[in-house]
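Structure first, commentary second.
The values are calculated or read from the model by the stated rules, or taken from the named source; none is laboratory data. What you are looking at is a predicted structure, and each value in this text was computed from that prediction instead of being measured. All Cβ positions, even for glycine, are placed from backbone atoms using ideal geometry, and neighbour counts span all protein chains on display.
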Amino acid sequence: MKVHEFQAKQVLRKYGVPLQAGEPATTPDEAAAAADRIGGAVWVVKAQIHAGGRGLGRFKEQVSEAAIAAAARGERVDEGKGGVRLTRSSDEVRAQAADMLGQTLVTKQTGAEGKTVRTVFVEAGCDIAKELYLSMLLDRSKNQVMAMASTAGGMSIEDVAAENPDAIKKVWVDPVVGFAAYQGRKLAFDLGMSGKTVSHFTKFVAALYRAYLGTDATMIEINPLVITGAGDVVALDAKMTFDDSALFRHKDIVEMRDEHEEDPGELEAGEWDLSYVKLDGNIGCMVNGAGLAMSTMDIIKLKGAEPANFLDVGGGAGKEQVAAAFRIITSDPAVQGILVNIFGGIMKCDVIAEGVIAAVKEVGLQVPLVVRLEGTNVEIGKQLLAESKLAITPASTLDEAADAIVAAVGG
């Protein structure tokens, strides 16, 4: 689960992470009032969407198609304004909020379709002396939490890793011992800090580690992390994601969920207890078992096409869940063909067949459909498909099924 920047900062504040004063707003008047309450002479108005690169992004309604395409590639665009703007009066805050709210912001992470801005975050200005990068995530290769930092603040960490990997500094936290002050100091020295800033940074990383563990986060990213002119360390931006399996322990975080920011198919899949992730290809996949689903996507790519989704119906899905899975796949306009690949162990092939037939009769079949069944009740399942008189192409092996669906979509 993801949250907006202002929500991540609400969480981090509880753990003592240093932040600027700020408030969310959903109307221009709310934004201006927030600036008055915050006080000061400079404020930053930030569009709130679940995507990075907002500063370089552009609003679809305000610039040319060429500028939108460039923004979607993450390139700097002279035309129009981005989703992060500096203001010097409450009237200007109101005007900039009005210019963002209800508009579609396109960034490198949203793609050309963009995302609608429904909230802005008004934050006090900051005396920035230096920008850094800091994140905390689980390194599964070591089974430890990793703190990763760089002097290249404000930049995509993927770009830094590709262009200058030596600029990325890391420390790993033993889960038994926990974060130690010497690790914070090591990172600080690696980043070129000195004086009291070293102590401030060490306390910052310790607070971030407490937040990571305390919220069952999967990732916390502070980009940029700012060293102020006075030597203080402040989180100027914040991104957090949380382990869905642990959300039952965090009702306050669950309440932050913004369904507008989530893929409709993934939302519906969650309601049916299905594992679904939308991808960029054109062949929809419905499979039982994560390993088999990965193999199915791999063979589609091997045959020269691209999967449109990962969809695991699990081992105990009923006919209704299978029908729901089929509806989710067909609701994606990018899908030009569907491959159903089932190995019946706990899952029975006849149940899959009944679900597919019910779904096709309900939503219709506008694209080629290839079904490969094997395992428990496979002959019954094949018979049900054959007797349905629907335009379903059967396959005996995964290789045969992949060849058939790729050929059917013109791959």
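Only residues that are assigned to a strand (DSSP E or B) and either of a type in the set (A, V, I, L, M) or within 18 Å of Met256 (Cα to Cα) (or both): list them for the stretch 222-242, please.
Those that are assigned to a strand (DSSP E or B) and either of a type in the set (A, V, I, L, M) or within 18 Å of Met256 (Cα to Cα) (or both): Ile222, Leu225, Val226, Ile227, Val233, Val234, Ala235, Lys239, Met240, Thr241, Phe242.
Please enumerate the residues belonging to the stretch 243-260 that are part of a loop (DSSP other than H, G, I, E, B) and of a type in the set (Lys, Arg).
Listed by number, the list holds a single entry, Arg257.
Whether any residue in the stretch 72-86 is within 25 Å of the chain's Cα centre (by Cα), at pLDDT below 95 and surrounded by 20 or more Cβ atoms within 10 Å (Cβ to Cβ) is what I want to check.
yes
For the stretch 392-411, enumerate the residues that are β-branched (Val, Ile, Thr) and out of contact with any Lys or Arg (no Cβ under 6 Å at 6 or more places or on another chain).
Within the stretch 392-411, Ile392, Thr393, Thr397, Ile405, Val409 meet the criteria.
Kindly indicate the residue of the stretch 20-46 that is within 26 Å of the chain's Cα centre (by Cα) and under 20 Å from Gly153 (Cβ atoms) and also surrounded by the fewest Cβ atoms within 10 Å (Cβ to Cβ) among those meeting that condition.
Of everything passing the filter in the stretch 20-46, Gln20 is surrounded by the fewest Cβ atoms within 10 Å (Cβ to Cβ).
Can you tell me which residues in the stretch 195-218 are assigned to a loop (DSSP other than H, G, I, E, B) and touching a Phe, Trp or Tyr at 6+ places or on another chain (Cβ under 9 Å)?
Thr215, Asp216, listed by residue number.
Output the residues belonging to the stretch 164-194 that are more than 28 Å from Arg54 (Cβ to Cβ), touching a helix residue (DSSP H, G or I) at 6+ places or on another chain (Cβ under 8 Å) and in a strand (DSSP E or B).
Val171, Val173
Within the stretch 201-222, can one find any residue that is under 24 Å from Val84 (Cβ atoms), touching a residue at least 40 places away in the same chain (Cβ under 8 Å) and not hydrophobic (A, V, I, L, M, F, W, C)?
Yes, the stretch 201-222 has at least one match.
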